[in-house]
Amino acid sequence: MSHNCTLIPGDGIGPEVAQATVRVLEATGVDIRWRRAELNEAIILEAGKTLPQYLLDSLHETRVGLKGPVTTPVAGGFQSVNVALRKALDLFANVRPVRTLPGIKTRFSDVQIDMVIFRENTEDLYSGLEHEIVKDVVTSLKVITRTASERIARYAFHYAKRNGRRQVTAIHKANIMKLADGLFLRCCRETAAQFPDIQYKELIVDNASMQLVIRPESFDILLLPNLYGDIVSDLAAGLVGGLGIVPGANMGETHAVFEAVHGSAPDIAGQGKANPTALMLSAVMLLIHLGETNAANTLQGAIEKVYREGKHLTGDVGGSASTEEFTEAVIRTIKG
Ligand code: NAI
């Protein structure tokens, strides 16, 4: 069976890791027809629009995207493409599995980390509603709704149930933001009550950050509003070896866009040394979404084997291989 899929290479290291990922997907033998949609800072500035129509048209047609990172200007400039895309397609659940890979030396190599982060993806402080009331006084609105909170909570618990996970931890700051985080937490509790087989816990976000560093292996599923989810994702990535290896998916009712946690990494762009593992593992999630379970297992197994052997790893995880050498090693393993 063939699948149509939108490919958004992005900018920075995006095109390098996207190209590597398309090659390993090809090697699995799955027939994917790519619709390539360019999106980068230059195009956005020229179009004067964060999301060009051809990109939305393509995603409405294919319903599935594989996306590289896109640079967002800091403190000014255009709105984040990523935030705009998640809102436009109502990709309400950001799912980020954080797992120890074999063969990487980290401070936590002696424990097995296996957690999945469920981050609400459409509201919170990412509403982009900011204004300067008077000179040098700025407000930024944190929007929390029952609809979005219940939706992400249900998604996380359903995932836990389907995948035999034991525990969901809701992470919040409801001691301070009693109304906003209070509503999020209430929705998590009400949803938890419908899943009595799954243990439910709550942690305040500052304590959760410390616990994650002290006992990362004790976490299973993490359920968070948008901003905490964003920050905790990078923290969690650091526990297993960095941003180069942590995948993600933006899931909605009708569309899904798969992308790594990392950004466009301008510091290493164009040098051929970016680690494509995070986008390749995002592609494993894409294959599962497409129902291509065998290919997903093959790709996941090949990546793990290359890590176990440890001979073709990129610099960020302690090796000296280029993006190309790592990719070739994964392809050889798939074909071997
Ligand atoms: P970043 O994730 O791009 O980089 C942080 C650090 O991790 C850098 O030292 C980088 O070299 C390293 N790194 C990231 N991915 C790597 C990989 N695959 N292999 C090896 N090393 C890797 O975060 P930063 O620098 O804060 O953001 C850069 C730009 O990316 C910003 O414009 C930001 O807005 C954008 N961004 C875009 C995202 C997206 O499109 N989904 C997500 C996060 C940031």
Excluding ligands and nucleic acids, what accessible area in Å² is computed for residue 179 using a 1.4 Å probe, to the nearest 10?
-> 150
Given H placed 1.01 Å from N in the peptide plane, which residues other than close sequence neighbours of residue 170 have an amide H under 5 Å from its amide H?
-> 201, 202, 203, 223
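To the nearest 20 debye, what is the magnitude of the charge dipole of the chain about its Cα centre, counting +1 on the Cβ of each Lys and Arg and -1 on the Cβ of each Asp and Glu?
Details: 35 positive and 38 negative charges, 173 e Å.
I would put it at about 840 debye.
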Electrostatic dipole magnitude of the stretch 105-240 [Cβ: Lys, Arg +1; Asp, Glu -1; Cα centre; debye, to 20] | 420
Based on the Kirkwood radius over alpha-carbon pairs, what value in µm²/s does the Stokes-Einstein equation return for the translational diffusion coefficient of the stretch 105-240 at 20 °C and 1.002 mPa s?
-> 137
Enter the accessible area per residue of the stretch 6-47 (Å², integer; probe 1.4 Å; all protein chains in place).
-> 43
Residues whose placed amide H lies under 5 Å from that of residue 32, excluding near-sequence neighbours | 3
Taking every other residue with Cβ under 15 Å from the Cβ of residue 176 and scoring Lys and Arg +1, Asp and Glu -1, one gets -1
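Tell me which GluC sites (Glu not before Pro) from the stretch 245-336 have a DSSP coil assignment and no more than 12 other beta carbons within 10 Å of their own. Numbers along the way, then the final one.
On the way: sites: 253, 259, 292, 304, 309, 324, 325, 328; in loops: 253, 292.
In loop regions of the stretch 245-336 (DSSP not H, G, I, E or B), the sparsely surrounded GluC sites (Glu not before Pro) are 253.
Give me the net charge of residue 15's neighbourhood, meaning all other residues with Cβ under 15 Å from the Cβ of residue 15; Lys, Arg count +1, Asp, Glu -1. Kindly include the intermediate steps, with their values, before the conclusion.
Details: positive: 23, 36, 67, 273; negative: 11, 16, 38, 41, 259, 324.
Taking every other residue near residue 15 into account, the sum is -2.
Given the alpha-carbon gyration tensor of the chain, what are the semi-axes of its equivalent ellipsoid in whole angstrom, ordered largest first, with each equal to the square root of 5 times an eigenvalue?
Working: eigenvalues 181, 126, 78 Å².
Equivalent ellipsoid semi-axes, largest first: 30, 25, 20 Å.
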When the accessible area of the chain is computed with all protein chains present and a 1.4 Å probe, what percentage of it is carbon and sulfur?
-> 52
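Express the accessible area of the stretch 105-240 per residue in Å², computed with a 1.4 Å probe while the remaining protein chains stay in the model.
Numbers: 6840 Å² over 136 residues.
With all protein chains present, the stretch 105-240 gives 50 Å² per residue.
Specify the longest stretch of the chain that does not include any exposed loop site, a site being one of the trypsin sites (Lys or Arg not before Pro) with a non-H, G, I, E, B DSSP assignment and at most 15 other Cβ atoms within 10 Å. Please report the intermediate quantities before stating the final value.
Details: sites that count: 49, 105, 107, 135, 166, 178, 311.
Here the longest segment lacking exposed loop sites spans 179-310.
Past 30 Å, Cα to Cα, is the threshold; run 87/311; 135/178; 161/273; 87/273 against it and keep the listed order.
Going by Cα-Cα distance, 87/311; 161/273; 87/273 fall outside the 30 Å limit.
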At a probe size of 1.4 Å, how large is the accessible area of residue 83, to the nearest 10 Å²?
-> 20
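The values are calculated or read from the model by the stated rules, or taken from the named source; none is laboratory data. Since we're looking at a predicted model, the values are computed, not measured. Counting neighbours? That spans all protein chains shown, and the Cβs are built from the backbone with ideal geometry, glycine included. Surface areas here come from the heavy atoms of the whole protein model, side chains and all, with no ligands, DNA or RNA. Shrake-Rupley method; radii C 1.70, N 1.55, O 1.52, S 1.80 Å.
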